[in-house]
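S.K.: Quick one: structure below, then a few questions.
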Amino acid sequence: MNRRASTFLSTFTLLLLAACDCGSESGAPCETSADCDSGGSCIDGTCTPPDDVGGPCNTSADCDDGFTCIDDTCVRRTEPGCTDVDGDGYGEGCAAGPDCDDTNRVQTGTEICDGMDNDCDGVMDNGVLGPCGDCNPLCTAEGFGPPMGMPWDPEGTMSDDESDGVGVDDDGALVLDSRRVNTDFIWVANTTEGSVSRFSTTAPYAETGRYFVGPATNAGAYFAGNDPSRTSVNSSGDAFIGNRNGNELTRISVLGTECPDSNTDGSITTSQDLNGDGIISTNLADGEMLPWGEDDCVLWHKTLDDALPGENLIRAVAAQDVDGLDGEILEYVWVGGHRTRTVAKLDGRTGDVLLTTPSPVPTYGFALDGAGQLWISGLGEQAIGRVDTIRCRDAASCGTDWCIAPNAEAADCDGAVKAVIPTAHLPYGITVDFNQRVWIGGHDGSGSRYARYDPAAAAGSRWINVLQGTPGRLHGIAADANGFIWGALQQSGIIRIDADDPNSRIVVPGTEGPANKGMAIDAQGKVWCITQNNYATVITPGPTLDANTVETPVATSMVGNYTYSDMTGLQLRLATNPRGFYRHVFEACADGGELSWGDVVFDADIPDGTSVSFRVKTAETRDGLAAAEWIAVGAAPPGTSPMSIADALMAAGVTPLRFLMLEVALRAERSSTTTVITPRVSSVNVTHTCDPIVD
């Protein structure tokens with residue numbers, strides 16, 4: 001190509017470039033208007049042609065018809081028939097729908113999770129919050145209760161959830177129900193052997209453990225060796241056994257192979273039915289029963305010579321669980337020395353003696369009521385005694401004196417810390433029913449007797465005394481959850497009594513015969529009578545006095561039994577202020593991520609005098625939860641939903657781990673002597689986040 005031609009082409013190219021607008025076309029993305037075609041404007045990151053742009057504006061009202069105000073510029077609306085004054089895409093005739101406020105681009109009429117009130121109802125983010133109550137997409141929640149679509153399961157039929165003392169009402173809410181206490185075992189003293197047996201209360205009534213209760217074993221006679229007799233079971237199912245002859249008290253755990261390593265030998269060794277025949281072999285070579293001092297389930301054993309010097313007849317034992325701070329349960333046990341006429345209070349966890357005080361009557365049996373009154377069967381005197389355990393805190397507050405009632409009604413002694421209340425016959429067994437009425441068995445010269453004392457009744461109507469008239473005594477006595485009292489007639493069988501009409505009674509057919517001694521009620525409402533003939537009789541009661549199914553003999557591996565106090569723990573739970581719990585295990589971040597447990601969110605109705613509290617424990621594995629420590633999260637009242645699990649873990653210095661066990665604890669005080677008002681927990685939610693781990 002020659003130079004002239006080259007010059008021509010260059011000139012031609014320059015002219016084309018001068019005539020060409022090479023900016024972005026209409027509709028192209030832009031950052032400023034300089035990126036758009038000549039005359040075009042950059043609106044919301046898009047080039048808008050000149051004929052679609054008007055003048056400046058503050059709102060769309062400043063623009064001509066067909067235009068809307070966007071970024072302070074009037075822009076032509078491109079949607080035919082759409083009236084969108086604030087330019088948010090919502091309005092009359094707009095495809096996105098109408099606008100609830102056409103002067104505010106935030107309030108479109110459709111709520112989104114952004115911390116603003118988009119639908120103009122005065123509430124921001126209503127109905128669109130995430131499961132954790134915020135807009136965090138990484139936060140999730142899991143819960144139970146009917147509103148969550150996962151019902152409470154106190155029976156554990158659908159899950160591995162644990163519960164005790166709770167049930168569900170007709171609306172599916174969690175409530176207190178003392179009939180659902182897990183007293184699935186009965187503890188029976190093998191008196192002449194110096195041991196106690198734990199039997200399942202579900203047929204075929206297998207013996208699940210057998211434990212020596214002191215070093216003096218296999219004496220072969222009453223009032224020799226350990227001579228265990230009195231039993232009491234606390235709210236966790238552990239048993240306290242009083243040794244009559246040795247002036248001793250022993251605590252045994254109900255947990256079996258899950259007992260703590262109490263002898264610190266590095267392994268759990270305890271009595272168990274190794275061959276599955278339902279009987280614990282007493283041949284120690286078989287390994288089913290262990291020598292004294294080698295069973296981990298024997299938590300402690302205390303000689304009480306310092307507390308009860310000169311005593312050799314421990315004839316009264318009563319476990320007591322008291323509500324402490326942050327949902328903690330304080331465990332005590334009261335012990336009565338019959339000959340020294342002394343009451344001792346021990347720390348239930350350690351066996352340490354906390355106080356001793358003179359008893360108003362010789363101690364032969366104990367029963368606690370819902371107001372913390374310790375009722376005492378005063379065998380040897382024609383009276384029962386009472387000690388106010390709430391006010392009797394030390395030797396000074398307990399005092400050495402007591403009020404002696406001038407008459408059998410004892411109204412003059414109602415305000416005393418200690419009292420002596422005359423009876424119409426010699427008392428023997430003693431219990432308190434769920435209506436807070438005291439019952440005693442016993443006898444006089446005419447034969448067996450029983451009586452009911454109602455401390456809340458008007459003076460003149462507190463005692464009802466009944467002469468049963470059969471030979472011998474009415475020994476053990478027990479109250480069930482359905483309004484009946486059961487007594488062991490020493491020589492005549494088992495008596496069933498209408499608690500509201502004590503003169504209405506029946507000796508249950510099929511229970512005739514001598515040596516009926518102890519009475520207890522199990523979790524299913526079955527009635528157990530322990531005989532001195534090395535077996536038990538079990539009654540399944542129907543709704544009326546004469547509706548009874550009898551099984552006998554049962555649990556025939558017993559030896560030399562002399563026991564008639566509370567053997568299942570149900571008396572304690574029915575008569576005292578009820579408590580119960582529900583436990584559920586949550587798992588989070590199974591696929592990894594940085595875990596944070598959040599809140600416990602709950603919906604509950606908590607009347608005055610009741611409470612709901614929450615505790616948690618956390619571990620890397622499900623099995624590891626057993627050894628983890630409980631951490632209090634909070635109680636309502638005074639707390640309210642939500643409560644922070646994260647804060648509780650942080651305050652305790654505990655790292656949040658993959659598994660979390662939550663305990664929901666319900667408690668109530670009796671609003672009167674007869675009425676229990678329960679809290680109702682409709683639902684519980686636990687929140688957590690799994691933040692991605694960034695390298």
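S.K.: Being out of contact with any strand residue (DSSP E or B) (no Cβ under 7 Å at 6 or more places or on another chain) and part of a strand (DSSP E or B): is that true of Cys113 here?
M.R.: Here the answer is no, as Cys113 does not meet what is asked.
S.K.: Identify the single condition in (1) touching a residue at least 40 places away in the same chain (Cβ under 8 Å); (2) over 30 Å from Thr552 (Cβ atoms) that Arg473 does not satisfy, given that it satisfies every other one.
M.R.: Arg473 satisfies all of (1) touching a residue at least 40 places away in the same chain (Cβ under 8 Å); (2) over 30 Å from Thr552 (Cβ atoms) except (2).
S.K.: For segment 427-461, which residues satisfy the criterion of being under 18 Å from Cys413 (Cβ atoms), of a type in the set (Ser, Thr, Tyr) and not in a strand (DSSP E or B)?
M.R.: Ser461
S.K.: Wholly within segment 468-514, which strands (runs of 3 or more DSSP E) include no fewer than the required count, namely at least 3 residues that are more than 37 Å from the chain's Cα centre (by Cα) and in the same structural domain as Tyr428 (by TED's automatic domain parsing)?
M.R.: Per the criteria, 501-507.
S.K.: Run Val361 past the list (1) surrounded by fewer than 21 Cβ atoms within 10 Å (Cβ to Cβ); (2) assigned to a loop (DSSP other than H, G, I, E, B) and report the number of the one that doesn't hold.
M.R.: Going through (1) surrounded by fewer than 21 Cβ atoms within 10 Å (Cβ to Cβ); (2) assigned to a loop (DSSP other than H, G, I, E, B) one by one, Val361 breaks only (1).
S.K.: I've got another one for you. Within segment 368-378, is there a residue that is among the small types (Gly, Ala, Ser), at pLDDT below 95 and closer than 17 Å to Arg244 by Cα?
M.R.: Yes, some residue in segment 368-378 is among the small types (Gly, Ala, Ser), at pLDDT below 95 and closer than 17 Å to Arg244 by Cα.
S.K.: Among (1) polar (S, T, N, Q); (2) within 18 Å of Thr549 (Cβ to Cβ); (3) surrounded by 19 or more Cβ atoms within 10 Å (Cβ to Cβ), where does Asn482 come up short?
M.R.: So the condition that Asn482 fails would be (3).
S.K.: Test Arg680 against the stated conditions and say whether it is under 18 Å from the mean Cα position of the chain (by Cα) and under 30 Å from Ala456 (Cβ atoms).
M.R.: For Arg680, the condition - under 18 Å from the mean Cα position of the chain (by Cα) and under 30 Å from Ala456 (Cβ atoms) - is met.
S.K.: What residue, of Asn218, Asn263, Asn245, is surrounded by fewer than 24 Cβ atoms within 10 Å (Cβ to Cβ) and touching a helix residue (DSSP H, G or I) at 6+ places or on another chain (Cβ under 7 Å)? Give the derivation first.
M.R.: Values: Asn263 fails: touching a helix residue (DSSP H, G or I) at 6+ places or on another chain (Cβ under 7 Å); Asn245 fails: touching a helix residue (DSSP H, G or I) at 6+ places or on another chain (Cβ under 7 Å).
The conditions single out Asn218.
S.K.: Which residues, taken from segment 231-242, are closer than 30 Å to Ala665 by Cα and out of contact with any helix residue (DSSP H, G or I) (no Cβ under 8 Å at 6 or more places or on another chain)?
M.R.: Thr231, Ser236, Gly237, Asp238, Ala239, Phe240, Ile241
S.K.: Let me ask something else about it. Can you name every residue in segment 263-320 that is within 30 Å of the chain's Cα centre (by Cα) and polar (S, T, N, Q)?
M.R.: Matches in segment 263-320: Asn263, Thr264, Ser267, Thr269, Thr270, Ser271, Gln272, Gln320.
S.K.: Which of the residues belonging to segment 634-663 are in a loop (DSSP other than H, G, I, E, B) and either within 17 Å of Ala141 (Cβ to Cβ) or not assigned by TED's automatic domain parsing to the domain that holds Val612 (or both)? Full working, then the answer.
M.R.: First pass over segment 634-663, keeping only residues in a loop (DSSP other than H, G, I, E, B): 637-642, 653-658.
Once the filter is applied, which keeps residues that are in a loop (DSSP other than H, G, I, E, B) and either within 17 Å of Ala141 (Cβ to Cβ) or not assigned by TED's automatic domain parsing to the domain that holds Val612 (or both), segment 634-663 yields Ser641, Pro642, Pro656, Arg658.
S.K.: Can you pull out the residues in segment 369-389 that are touching a helix residue (DSSP H, G or I) at 6+ places or on another chain (Cβ under 9 Å), buried (at least 24 other Cβ atoms within 10 Å of the Cβ) and not charged (D, E, K, R)?
M.R.: If the condition is that a residue be touching a helix residue (DSSP H, G or I) at 6+ places or on another chain (Cβ under 9 Å), buried (at least 24 other Cβ atoms within 10 Å of the Cβ) and not charged (D, E, K, R), then Val387 is the only one that fits.
S.K.: Next question. Can you tell me which residue among Thr192, Thr202 is β-branched (Val, Ile, Thr), surrounded by fewer than 23 Cβ atoms within 10 Å (Cβ to Cβ), within 24 Å of Asp277 (Cα to Cα) and modelled with pLDDT of 95 or more?
M.R.: Numbers: Thr202 fails: modelled with pLDDT of 95 or more.
When all the criteria are applied, what remains is Thr192.
S.K.: Checking the structure you have, find out if any residue of segment 503-510 is modelled with pLDDT under 95 and among the hydrophobic types (A, V, I, L, M, F, W, C).
M.R.: no
S.K.: If you don't mind, another one. So is Arg615 under 30 Å from Ile530 (Cα atoms) and in contact with a Gly (Cβ under 7 Å, 6 or more places away or on another chain) or not?
M.R.: So Arg615 does not fit the description; no.
S.K.: Then there's this: Would you point out the residue of segment 212-241, among those that are among the hydroxyl-bearing types (Ser, Thr, Tyr) and over 28 Å from Gly580 (Cα atoms), that is farthest from the chain's Cα centre (by Cα)?
M.R.: Among residues in segment 212-241 that are among the hydroxyl-bearing types (Ser, Thr, Tyr) and over 28 Å from Gly580 (Cα atoms), the one farthest from the chain's Cα centre (by Cα) is Tyr222.
S.K.: Now for a different question. For segment 668-695, how many residues meet the condition of being modelled with pLDDT under 90 and within 16 Å of Thr640 (Cα to Cα)?
M.R.: Looking only at that region, the number is 0.
S.K.: Test each condition in (1) buried (at least 23 other Cβ atoms within 10 Å of the Cβ); (2) at positive phi for Thr537 and report the one that comes out false.
M.R.: For Thr537, the failing item is (2).
S.K.: Restricting segment 47-102 to residues that are within 22 Å of Pro29 (Cα to Cα), among the small types (Gly, Ala, Ser) and assigned to a loop (DSSP other than H, G, I, E, B), which is modelled with the lowest pLDDT?
M.R.: Only one residue fits best here, namely Gly87.
S.K.: Might you let me know whether segment 322-344 holds any residue that is in a helix (DSSP H, G or I), surrounded by fewer than 22 Cβ atoms within 10 Å (Cβ to Cβ), touching a residue at least 40 places away in the same chain (Cβ under 8 Å) and acidic (Asp, Glu)?
M.R.: Yes, because at least one residue in segment 322-344 is in a helix (DSSP H, G or I), surrounded by fewer than 22 Cβ atoms within 10 Å (Cβ to Cβ), touching a residue at least 40 places away in the same chain (Cβ under 8 Å) and acidic (Asp, Glu).
S.K.: Asp44 - would you say it is surrounded by fewer than 18 Cβ atoms within 10 Å (Cβ to Cβ), modelled with pLDDT under 70 and either closer than 27 Å to Glu111 by Cβ or touching a strand residue (DSSP E or B) at 6+ places or on another chain (Cβ under 9 Å) (or both)?
M.R.: Details: surrounded by fewer than 18 Cβ atoms within 10 Å (Cβ to Cβ): yes; modelled with pLDDT under 70: yes; either closer than 27 Å to Glu111 by Cβ or touching a strand residue (DSSP E or B) at 6+ places or on another chain (Cβ under 9 Å) (or both): yes.
Yes.
S.K.: In segment 544-565, what count of residues is obtained for those that are part of a loop (DSSP other than H, G, I, E, B), without any contact (Cβ under 8 Å) to a residue 24 or more places away in the chain and not aliphatic (A, V, I, L, M)? Quick ask: steps written out before the conclusion?
M.R.: Taking segment 544-565 first, the residues part of a loop (DSSP other than H, G, I, E, B) are 544-547, 555-565.
Retained after the next criterion (residues that are without any contact (Cβ under 8 Å) to a residue 24 or more places away in the chain): 544, 547, 556.
In the following step, the residues that additionally are not aliphatic (A, V, I, L, M) were identified as 544, 556.
Matching residues across segment 544-565 total 2.
S.K.: Output the residues belonging to segment 449-467 that are crowded, with 18+ Cβ neighbours inside 10 Å, within 13 Å of Ala424 (Cβ to Cβ) and not basic (Lys, Arg).
M.R.: Listed by number, the residues that qualify are Tyr450, Ala451, Tyr453, Trp463, Val466.
S.K.: Report, by residue number, each residue of segment 390-410 that is surrounded by 15 or more Cβ atoms within 10 Å (Cβ to Cβ) and either aromatic (Phe, Trp, Tyr) or outside any loop (DSSP other than H, G, I, E, B) (or both).
M.R.: Step one: filter segment 390-410 for residues surrounded by 15 or more Cβ atoms within 10 Å (Cβ to Cβ), giving 392, 398, 402-405, 408-410.
Those that are surrounded by 15 or more Cβ atoms within 10 Å (Cβ to Cβ) and either aromatic (Phe, Trp, Tyr) or outside any loop (DSSP other than H, G, I, E, B) (or both): Cys398, Trp402, Cys403, Ile404.
The values are calculated or read from the model by the stated rules, or taken from the named source; none is laboratory data. Not measured: the values here are computed from a predicted model. Note that each Cβ is placed from the backbone with ideal geometry, even for glycine, and that neighbours are counted across all protein chains shown.
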